[in-house]
Amino acid sequence: QLNILVDTGSSNFAVAGVPDPDVTSYFNAELSSTYRSEGIEVTVKYSQGSWTGVLGTDVITMPKGIYGSYTINIATILESENFFLPGVKWHGILGLAYDALAKPSSSVETFFDSLVRQAKIPNIFSLQMCGAGLPVSGSGTNGGSLVLGGIEPSLYTGDIWYTPIKEEWYYQVEILKLEVGGQNLQLDCREYNADKAIVDSGTTLLRLPEKVFSAVVQAIARTSLIQEFSSGFWTGSQLACWDKTERPWSLFPKLSIYLRDENSSRSFRISILPQLYIQPILGIGENLQCYRFGISSSTNALVIGATVMEGFYVIFDRAQRRVGFAVSPCAEADGSPVSEIEGPFTTADVASNCVSSVSFHEPVLWIASYALMSLCGVILLVLIILLLIPPRCQHRYTDNDVVNDESSLVRHRWK
């Protein structure tokens with residue numbers, strides 16, 4: 001039995017394939033009668049950590065709802081770096097993003113695409129992550145649900161609000177503005193989408209581009225009821241501790257993210273209360289409870305990670321190219337909701353498009369690289385042909401005409 005991390009920010013299904021000091025169980029492919037190795041080495045890098053393994057196929061069955069056996073691609077992890085961490089309760093990862101992110105290429109069919117094709121289920125899945133207000137370092141898992149092929153009404157309350165998927169690689173969405181304590185940050189909306197904004201269950205925190213992160217920290221510090229705060233708390237290097245009888249969440253403001261609605265002239269906002277971003281992590285003695293800041297800076301994306309997703313039931317409607325949000329009934333602390341959805345709002349005060357029209361994501365870079373390599377190859381071939389064609393007239397060589405290693409294609413050939 002293996003615990004698998006559900007990750008909407010990658011596209012490979014992989015499990016530990018050899019013993020590792022930081023995992024309690026692993027999949028021994030040699031003892032499997034159904035596993036077939038493809039013999040293809042694969043490496044996947046994440047924002048934190050990486051692993052290298054071998055691609056293969058195996059047969060899976062679903063314990064509930066989807067009956068039958070299905071053949072899927074699976075990688076056995078043979079080496080890893082900062083991937084399996086001390087104390088983690090999982091032994092592998094299930095990537096649920098699009099095949100554009102699959103390694104070593106998009107030709108590797110993803111787990112969910114295989115299931116849609118073979119089991120004929122609808123091209124939609126949904127995720128409820130629970131654990132709001134619970135200690136991060138608590139034992140076991142905090143629960144939640146992954147629904148493959150549809151939506152489960154008991155996992156949400158109120159309406160589902162949908163925002164379009166802008167690019168089918170990550171689940172890239174368009175963010176229009178952020179508010180802290182009801183106050184607009186007043187940044188250009190393109191700052192929120194630099195260079196992408198994604199919904200990623202495999203990222204723990206809410207990650208914000210550096211300029212947005214600085215503005216959010218300043219706004220929280222300005223509107224909170226705490227006058228003096230160590231900078232180490234905001235950067236994640238220090239914890240803040242209060243007496244266990246206190247509830248520090250009342251000292252901090254609500255955080256709201258505006259997403260473009262399917263009707264582009266409208267938007268809606270998802271809001272998280274401090275119970276989701278001021279996270280209990282460590283108890284000290286009998287009297288103190290320590291908390292971390294559940295928001296961090298990012299150099300390349302705004303990432304709606306678990307910090308936000310724990311407040312909502314999130315629907316990944318790939319068939320209609322949209323991501324839906326609804327309030328989750330497990331997003332409660334001390335009996336009170338810690339998340340909200342409100343709308344619609346007009347988008348008259350923001351640009352018609354907050355996402356850069358040029359997406360230099362990985363598949364495009366690969367295409368550009370191959371095109372340049374092909375062009376260089378053609379030029380090199382022409383040069384070689386010109387060198388091999390015999391000269392039309394005789395030429396008496398002088399010392400200055402000698403082709404040496406320093407000037408030859410042997411030394412300077414393109415690789």
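Of the residues that sit in the stretch 209-249 and are more than 23 Å from residue 305 (Cα to Cα) and assigned to a helix (DSSP H, G or I), which one is modelled with the highest pLDDT?
Filtering first and then ranking leaves 222.
Condition test on residue 240, is it closer than 16 Å to residue 295 by Cβ and free of Cβ contacts under 8 Å to residues at least 40 places away in the same chain?
no
Is it the case that residue 203 is among the polar types (S, T, N, Q), touching a residue at least 40 places away in the same chain (Cβ under 8 Å), in the same structural domain as residue 305 (by the TED database) and not in a loop (DSSP other than H, G, I, E, B)? Outline the logic, then answer.
Numbers: among the polar types (S, T, N, Q): yes; touching a residue at least 40 places away in the same chain (Cβ under 8 Å): yes; in the same structural domain as residue 305 (by the TED database): yes; not in a loop (DSSP other than H, G, I, E, B): no.
Considered against the rule, which asks whether it is among the polar types (S, T, N, Q), touching a residue at least 40 places away in the same chain (Cβ under 8 Å), in the same structural domain as residue 305 (by the TED database) and not in a loop (DSSP other than H, G, I, E, B), residue 203 comes out as no.
Tell me, yes or no, whether the stretch 67-81 has at least one residue that is at pLDDT below 95, β-branched (Val, Ile, Thr) and over 21 Å from the mean Cα position of the chain (by Cα).
No: zero hits.
Suppose we filter the stretch 219-244 for residues that are among the polar types (S, T, N, Q) and over 26 Å from the mean Cα position of the chain (by Cα); how many remain?
The qualifying residues number 5.
Can you name the residue in the stretch 369-385 that is modelled with pLDDT under 75 and hydrophobic (A, V, I, L, M, F, W, C) and, of all such residues, is most open to solvent (accessible area, probe 1.4 Å)?
372
Of (1) open to solvent by less than 60 Å² (accessible area, probe 1.4 Å); (2) part of a strand (DSSP E or B), residue 344 satisfies all except one. Which?
That leaves (1) as the condition not met.
May I ask you to verify whether residue 158 is assigned by the TED database to the domain that holds residue 287, in contact with a strand residue (DSSP E or B) (Cβ under 7 Å, 6 or more places away or on another chain), assigned to a strand (DSSP E or B) and not polar (S, T, N, Q)?
The answer is yes for residue 158.
Take residue 229 and tell me if it is more than 25 Å from residue 6 (Cα to Cα), of a type in the set (Phe, Trp, Tyr) and touching a residue at least 12 places away in the same chain (Cβ under 8 Å).
Here the answer is no, as residue 229 does not meet what is asked.
Is at least one residue of the stretch 298-321 open to solvent by 30 Å² or more (accessible area, probe 1.4 Å) and not in a loop (DSSP other than H, G, I, E, B)?
There is no residue in the stretch 298-321 that is open to solvent by 30 Å² or more (accessible area, probe 1.4 Å) and not in a loop (DSSP other than H, G, I, E, B).
Which is outside any strand (DSSP E or B), open to solvent by 40 Å² or more (accessible area, probe 1.4 Å) and modelled with pLDDT of 95 or more, of 104, 122? Don't jump to the end; show me each part of the working.
Working: 104 fails: modelled with pLDDT of 95 or more.
Matching residue, one of 104, 122: 122.
Within the stretch 251-271, does at least one residue satisfy the condition of being surrounded by fewer than 19 Cβ atoms within 10 Å (Cβ to Cβ), part of a helix (DSSP H, G or I) and of a type in the set (A, V, I, L, M, F, W, C)?
yes
Do any strands (runs of 3 or more DSSP E) entirely within the stretch 1-80 hold 2 or more residues that are without any contact (Cβ under 8 Å) to a residue 40 or more places away in the chain and open to solvent by 70 Å² or more (accessible area, probe 1.4 Å), and if so, which?
In the stretch 1-80, 36-45 are the strands (runs of 3 or more DSSP E) which contain 2 or more residues that are without any contact (Cβ under 8 Å) to a residue 40 or more places away in the chain and open to solvent by 70 Å² or more (accessible area, probe 1.4 Å).
For the stretch 331-340, state whether one or more residues are in contact (Cβ under 8 Å) with a residue 60 or more places away in the chain, part of a strand (DSSP E or B) and within 23 Å of residue 196 (Cα to Cα).
no
The values are calculated or read from the model by the stated rules, or taken from the named source; none is laboratory data. Because the structure is predicted, anything quoted here is derived from the model rather than measured. Positions of Cβ are generated from backbone atoms using ideal geometry, with glycine treated the same way; all protein chains shown enter the neighbour counts. In case anyone asks, the SASA skips ligands and DNA or RNA and just uses the protein heavy atoms, side chains included. Shrake-Rupley method; radii C 1.70, N 1.55, O 1.52, S 1.80 Å.
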